[in-house]
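Structure, as structure tokens:
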Amino acid sequence: MDATAACLLLILATMAASYSVYAQQARDGCFADERDALLSFRAGIRKDPQGLLTSWSVEDCCLWSGVRCSNTTGHVFKLDLRNSFFLDDLFAPVFSNNSHGMRGEISSSLIVLHHLEHLDLSGNYLGGAGVPIPRFLGSLPSLVYLNLSSMDFDGKVAPQLGNLSRLQDLDLNNIWNPNEHYGDDNKLHTEDISWLPRLPLLRFLDMSGVNLTAAEDWVQVLSMLSNLRALRLRECNLVFPHTPLARSNLTSLEMLDLTDTGVDTLNPTYWFWDVGTIKHLDLTNNEFSGPFPDAMGNMTSLEVLKLGGNYLTGVRTEFLNSLCNLRVLTLWSNQINQDISEVLKGLPHCAWSKIELLDLSRTNVSGEIPKWINQLTNLSILELSSNRLVGSIPVETGMLGKLSKLYLDGNQLSGSISEEHFTSLVNLEELDLSYNSLHMMINSHWIPPFKLHLAFFPRSKVGPRFPLWLKGQSNITNLDISDASIVDDLPDWFWTVFSRALLWYPG
């Protein structure tokens, strides 16, 4: 046997022996040093309201809640102790409850978990005033997923996170934390994000609530993350450059959230207009005004466009003509100042069968709701609150079979509403017709096709008799029939059907 063959046999024997040890370890339970590291972590937890760590007593740590071990090596590769009462949705408001989160500190013993790929501690109070993100987390070489959102950290973001070269998902969102010490002097911040390009595999990055005012090169730095698909920078106090970026490598970016970032103008040289892959663009609650850059018409991949809460005036929806994939459009609290028919006609005709959410509330639109609104066949949410709409509600609205939320409150609508207005609304859950001059002419034996969760009718005429069709609406959690021209007594079933509801009623 020559030397090369002997060397190869030695390597194979060593690998086989190592695998045998791992396999035996996997059969016998977790590694002792990893178990000790996890127990040290538990020792740093002062409160555990959900009892996530109550199972951390049996010998095999691979059986502990939130811990997962590899079937092959036996090593701990996942630690998921997120606060399950903490919810975070990219496309909706956040409703969170941090009171159920653990309290304490993160033990540096976790550095022993060299094979850890997934770490989620989100929604727990494991920081506090003067407690920054632990630097040692940058020494976990196998991490692919790291979620430290809403954990009450304070101070500078640890640049050591740039050592996690395998990282694909990084969530440092610091917004949704009811921090007793919260303020400008006590929040995550950084003036240097030059470590981010050292994470070449990064696909998801959320630094919302992290003060990036001093990181003036943020555009240049982030543009180097060629694999990035989702970028969330809500409330980051960003400073926007007024000179165009020569070249951006964000060729994979699909989601960009710049809500509450202080964008004061839609400068056509801004880098994101040239990212043709973006599907979700959120510019809500900024300070920009003026016309939209023509470049927006080139963002043909756009599915979600959120522009509510700005100072836009005289917006013409014609600029959306080429956005054939549009599903969600929010323009609330901008001064559109147009007839509702003109606004709807301006929506891209190629997207009429795709639009799911349209929010034009508080935009000063006027005129009558057109009968052809039923051509928006996929519409699920329609919000037209607090405008200057007049006339009657067309019965064709009742043909929008996918409609789940209909808000027409605060207009000058008049006329009668019959069962025909609800013919196909089998998915309707929220209905607000308040503060109009509408009269509901509903047969007392009518059985609605829907199950409402919310129903508001003040200042609309629902009476004089009590609406018996409400008897079958036991899913309602919010009901307002005050000042609705009801002069009848409340029926006996009222308190039973709406025992769990928040009520406003005549009397």
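Miscellaneous remarks
- Computed per residue of the chain from DSSP H runs no shorter than four, each worth -39500 (n - 2.57), the mean residue ellipticity at 222 nm is -3000 deg cm²/dmol.
- With a cut-off of 17 Å on the backbone N, the residues of segment 341-378 near the modelled label site 7 Å out from Glu318 along Cα-Cβ are 341-350.
- Against the chain, whose longest principal axis comes from its Cα atoms, helix 3-28 is set at around 50 degrees.
- Surrounding net charge for Lys306, when Lys and Arg each add one and Asp and Glu each subtract one, Cβ distance under 9 Å: -3
- Distant-in-sequence amide contacts of Ser142, defined by a placed amide H-H separation under 5 Å and a gap of 5 or more residues or a different chain, comprise Leu116.
- Cα gyration tensor shape for segment 229-316, rounded if a/c is under 1.5, else prolate or oblate: rounded
- Candidate values (i) 45.7; (ii) 30.9; (iii) 28.2 were compared with mean projected area of the Cα convex hull in nm² computed on the shown model; the agreeing label is (ii).
- Residue-by-residue Karplus 3J(HN,Hα) for segment 437-443, coefficients 6.51, -1.76, 1.60, Hz, glycine and proline x: 10, 8, 10, 7, 9, 10, 4
- Residues of type aspartates and glutamates that Lys345 reaches as a straight line, Cα spacing below 12 Å, ignoring anything fewer than 8 places off in the same chain: Glu318
- Descending Cα extents along the principal axes, segment 29-89, whole Å: 34, 27, 15
- Residue-count net charge about Leu326 - beta-carbon cut-off 11 Å; Lys, Arg +1, Asp, Glu -1: +1
- Per-pair calculated FRET efficiency, R0 = 35 Å: Phe85 and Ser414 via Cβ, rounded to 0.05: 0.20
- The listed peptides 331-343, 438-450, ordered by packing as a protection proxy, come out as 331-343, 438-450 (highest mean of other Cβ atoms within 10 Å first).
- Working note: Karplus 6.51/-1.76/1.60 with θ = phi - 60° gives segment 221-237 the couplings 5, 5, 5, 8, 8, 5, 9, 5, 10, 9, 9, 10, 10, 4, 6, 9, 6 Hz, where Gly and Pro are set to x.
- Restraint check, Lys354/Lys451; Lys306/Lys371; Lys371/Lys471, Cα-Cα greater than 28 Å: Lys371/Lys471
- Our coupling estimate for segment 318-325, obtained by passing each phi through the Karplus curve with A = 6.51, B = -1.76, C = 1.60 and θ = phi - 60°, is 4, 5, 8, 3, 8, 8, 6, 9 Hz, Gly and Pro reported as x.
- Cα pair distances in segment 366-507, grouped into 10 Å bins until the bin that holds the longest one, percent each: 12, 45, 35, 8, 0
- Highest-first packing order for the peptide set 78-84, 211-217, 57-63 is 78-84, 211-217, 57-63, based on the mean count of other beta carbon atoms within 10 Å.
Where a number appears in this text, it was derived from the coordinates with a stated rule and is not lab data. Here the structure is a predicted model, which means the values were calculated and not measured. Reconstructed Cβ throughout: ideal geometry from the backbone, glycine too, with neighbour counts over all protein chains shown.
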